[in-house]
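The values are calculated or read from the model by the stated rules, or taken from the named source; none is laboratory data. All values derive from a computational prediction rather than experimental measurement. Here Cβ is always computed from backbone atoms with ideal geometry, including for glycine, and neighbour counts include all displayed protein chains. When the accessible area is computed, the model is the full protein with side chains, heavy atoms only, and any ligands, DNA or RNA have been set aside. Shrake-Rupley method; radii C 1.70, N 1.55, O 1.52, S 1.80 Å.
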Amino acid sequence: MLNELTAPVSTTELARRTEMSPAGVSQHLTSLRAAGLVVTHRRGRTLLSARTDLAEALLSATG
């Protein structure tokens, strides 16, 4: 899921990309937020999730 967050994205769009349900994506994002790997921002009526610097470093380290 972190690989799909190349730019801020909505839960609905992330569900479409990963072929998961929006509820399933939301659960994953909640866990990633708790781990400090994702932040969520509001843009109008939409919540957008994005990787944190920690997530970027983790992905860089794993190739």
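Remarks
- The listed residues are 40, 46, 30, and the only one of them that is touching a residue at least 24 places away in the same chain (Cβ under 8 Å), open to solvent by 40 Å² or more (accessible area, probe 1.4 Å) and among the polar types (S, T, N, Q) turns out to be 46.
- Flag for residue 2 being at pLDDT below 95 and open to solvent by less than 80 Å² (accessible area, probe 1.4 Å): yes
- Conditions (1) at pLDDT 95 or above; (2) part of a strand (DSSP E or B); number of the one not met by residue 47: (1)
- Taken over region 1-27, the residue count meeting the criterion of being touching a residue at least 12 places away in the same chain (Cβ under 8 Å) and in contact with a Ser or Thr (Cβ under 9 Å, 6 or more places away or on another chain) is 10.
- Matching residues in region 15-26 - criterion: being out of contact with any Pro (no Cβ under 7 Å at 6 or more places or on another chain) and either outside any helix (DSSP H, G or I) or surrounded by 12 or more Cβ atoms within 10 Å (Cβ to Cβ) (or both): 16, 17, 18, 19, 20, 21, 22, 24, 25, 26
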